[in-house]
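Report on the structure given below.
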Amino acid sequence: MDLSTFIVSVFCLIDDRINKERRIRRCGPTPKLSDAEVLTIEVVGEFLGIDTDKGIYCYFRRHYGEWFPALKGVHRTTFCCQAANLWAVKEVLWKHLLGQMCFDPEVSLIDSFPVPTCHFARAYRAVASWPKNRPSATTR
């Protein structure tokens with residue numbers, strides 16, 4: 001599947017599911033970008049490995065501006081705020097997709113991304129203080 005087909009598929013999946021849910025906004029102005037567009041941009045951006053909001057926004061504005069014409073009229077911070085405010089919709093979508101998947105919980109793991117817990121700040125000191133007669137890891 002090429003990227004264009006993937007973007008259209010993700011948009012259709014998200015848009016269909018959002019339309020089945022209750023109304024998201026109760027008051028206030030209608031945003032320039034639809035919620036389905038914002039969620040599609042986020043999902044596809046993360047799939048492509050773009051980790052920052054700024055990176056996702058700039059990538060889609062540059063490469064898919066004609067697909068999302070309202071994106072050129074929306075500031076990056078407005079896009080990020082709208083995406084952040086859709087956290088409850090993202091959770092509903094995630095639970096819906098999880099319910100559609102067939103997997104064995106005893107052998108399947110679902111994880112979003114690894115979180116670094118610590119880093120080796122003193123590793124160079126520990127290696128330098130090893131005794132000279134101790135065999136190295138490569139000679140074992």
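Each value in this text was obtained by applying a stated rule to the coordinates, not by laboratory testing. It should be emphasised that the depicted structure is a prediction, and the values quoted were computed from it without experimental measurement. So basically every Cβ, Gly included, is an ideal-geometry build from the backbone, and we count neighbours across all protein chains shown.
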Write down Rg/Rh for segment 1-71, rounded to two decimals, with Rg from the C-alpha atoms and Rh from the Kirkwood relation over Cα pairs.
-> 0.98
Proximal charge balance of Tyr57 [Cβ under 15 Å; K/R count +1, D/E count -1] | +1
Label points 7 Å out from Cα along the Cβ direction at Leu48 and Trp94: separation in nm?
-> 2.3
Once phi is turned into θ = phi - 60°, what whole-Hz ³J(HN,Hα) does the Karplus curve with 6.51, -1.76 and 1.60 give for every residue of segment 64-78, x standing for Gly and Pro?
-> 10, x, 6, 7, 10, x, 5, 5, 6, x, 10, 6, 4, 5, 5
One point scatterer per Cα, no solvent, Debye formula: log10 I(q)/I(0) for segment 45-99 at q = 0.20 Å⁻¹ comes out as -0.83
Read phi for every residue in segment 35-41 and hand back ³J(HN,Hα) as whole Hz from Karplus 6.51 cos²θ - 1.76 cosθ + 1.60, θ = phi - 60°, with x for Gly and Pro.
-> 5, 5, 5, 4, 5, 5, 4
